[in-house]
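Working notes for the structure below.
The values are calculated or read from the model by the stated rules, or taken from the named source; none is laboratory data. Keep in mind that this is a model prediction, so the values were computed, not measured. Cβ atoms come from the backbone with ideal geometry, glycine included; neighbour counts cover every protein chain shown.
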Amino acid sequence: MTHDPTDRGSTAGRRPAHLGLAVVLIAIGFALLAPTRIDIAIILREVMHGIGVTSLAAAGLISTATLVGDGLVEVFCGHFSDRWSRGGTLAIGIALFSLFSALTALAASLPVLYLMRILLGVGQAIFIPAYFAFLGGIYGKRRGLLLGSLGGMFTIGLALNPILTESMFRATGAWQTPFIGYGVFGLVLALCIYLVGRGKSRIYDTRLHELPPPPDAHPESRTAWLTNRNMLLLLVTMACWGLTQYGFIGIFVTYLRTAQHFTLGEAAGVASIAGWSAFCFSFIAGYLSDHIGRRWSLLIFGIIALLLAAPLFALPQTFWSAVVFASIFQAANGTFYPIGIAYAQDFARAESLGAHTGAVSGIGHLVAGFAGLIAGSIAAGFGYAALGWFFVAASFVMVVTIALTRDPRMRAQAPAKPEPEPLRSVAGAGR
């Protein structure tokens, strides 16, 4: 269904350059989330030493504490972005996120560091639902490709993060430098997003093509969608995704450096290559989900991640074996985030994309906030091989819950069964 041209965001369709600039700026903002959030995992040993922390479990929580603040707030911010200015929401989110990144450099104790990282997550929680609601609303028919490819900008951040963070740290010898650098850049970017979104065009509310609402969208209720069978199963899936993806991101570099005796440069190189591989795959994943459906796509990716979860931590690693295992696992498992959000938006009406996005993204990030603590505790208490089997169990749950969902868009596209011809009497047939 093509949206009414009188819609408040439809003028963007006649100004593709303006829309293109808006997309580029927020895509850069989404890529910025990765190095700003995960930079601490790259130089975790140096940060631990700088503030006097020796516990691996506490260090693991440091690397993912951002997501605690994100998950607690994001569920509500999605609904807020649907009701208020989406452009303003995007600019405020990036600004707060970047401010607390810079303030992280002032932390001199573990409690203060936790506080700064959690508040950084609050800024992220404001930005993310509005980002995906904007992308998912532009052109509904290719929602999977849009969310998969531009959601893949996060993996660009993951790929650049190890290199940039290591370079900034080595240039000054201070662990605080990357946090300040990313923070200043983000504040400048937030100002640019605000300026592009100003005016009557409401560029961030653009809808060039709208999908019809699914039959079980419950327009008469504001909360019934949250207890929908598909949404409940998807929430469980995203919770397990948070455990596996951020347990992997938060601990894998440390695992390579401690258990496999990689240098910082080698471990950062593995993480960088894995990030680029995941980004390249995100285009394929998004395109595939638009054509064979979100459910079948996620089942395929989930099975791949399930098969590789144990070898990640159970087998001896060379540089290239670590690259292969990490790249495939991160690509397959990481796809659950953008395609999972696209799946949630398929259950939504056009005016509630942010609320659906915030729910699934928020629960995933809330659980992810404790993934580093859980992964670090398992590795410290039972060894890294046990952590691999924990990932296997969580990946299995992801596959099962996705298998139990029903794809509303694929059902809508299924050809209707022809009605049987009315029976004719024997006498009538002989005439």
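Is there a residue being under 22 Å from Ala268 (Cβ atoms) and among the aliphatic types (A, V, I, L, M) anywhere in the range 354-370? Explain how you work it out, then say what you get.
Narrowing the range 354-370 to residues under 22 Å from Ala268 (Cβ atoms): 368.
Filter again for among the aliphatic types (A, V, I, L, M), leaving 368.
Scanning the range 354-370, I find at least one residue that is under 22 Å from Ala268 (Cβ atoms) and among the aliphatic types (A, V, I, L, M), so the answer is yes.
With the condition kept exactly as written, say whether any residue in the range 12-21 is modelled with pLDDT of 75 or more, of a type outside the set (A, V, I, L, M) and within 24 Å of the chain's Cα centre (by Cα). Yes; the residues of the range 12-21 include at least one that is modelled with pLDDT of 75 or more, of a type outside the set (A, V, I, L, M) and within 24 Å of the chain's Cα centre (by Cα). Do we have Phe248 as within 21 Å of Ile300 (Cα to Cα), modelled with pLDDT of 85 or more and out of contact with any helix residue (DSSP H, G or I) (no Cβ under 6 Å at 6 or more places or on another chain) here? Judged against the criteria, Phe248 is a match.
Summed over the range 208-227, the residues that are surrounded by fewer than 17 Cβ atoms within 10 Å (Cβ to Cβ) and either at pLDDT 85 or above or not in a helix (DSSP H, G or I) (or both) give a count of 9. In summary, Phe336 fulfils each of the numbered conditions (1) modelled with pLDDT of 90 or more; (2) surrounded by fewer than 21 Cβ atoms within 10 Å (Cβ to Cβ) with the single exception of condition (2). Among the helices (runs of 4 or more DSSP H) confined to the range 318-414, the ones with at least 2 residues that are hydrophobic (A, V, I, L, M, F, W, C) and farther than 23 Å from Gly148 by Cβ are located at 319-334, 371-382, 384-403. Of all the residues in the range 94-109, those that are of a type outside the set (Ser, Thr, Tyr) and not in a loop (DSSP other than H, G, I, E, B) number 8.
For the range 251-266, the criterion of being crowded, with 24+ Cβ neighbours inside 10 Å, farther than 18 Å from Ile374 by Cα and β-branched (Val, Ile, Thr) is met by no residue.
Close contacts from the range 380-396, counting a first residue that is under 20 Å from Thr335 (Cβ atoms) and a second that is β-branched (Val, Ile, Thr) and assigned to a helix (DSSP H, G or I), with Cβ to Cβ under 8 Å and a gap of 6+ residues or different chains, come to Phe391/Thr244; Ala394/Thr244; Ser395/Thr244. Residues in the range 271-289 that are in contact with a Leu (Cβ under 6 Å, 6 or more places away or on another chain) and either modelled with pLDDT under 85 or closer than 15 Å to Phe325 by Cβ (or both): Gly275 alone. From the residues in the range 312-330 that are more than 13 Å from Val270 (Cβ to Cβ) and touching a residue at least 60 places away in the same chain (Cβ under 8 Å), which one is nearest to the chain's Cα centre (by Cα)? Taking the candidates together, the pick is Phe313.
Among the residues of the range 114-167 satisfying the criterion of being among the hydroxyl-bearing types (Ser, Thr, Tyr) and surrounded by fewer than 24 Cβ atoms within 10 Å (Cβ to Cβ), which is modelled with the lowest pLDDT? That would be Tyr139.
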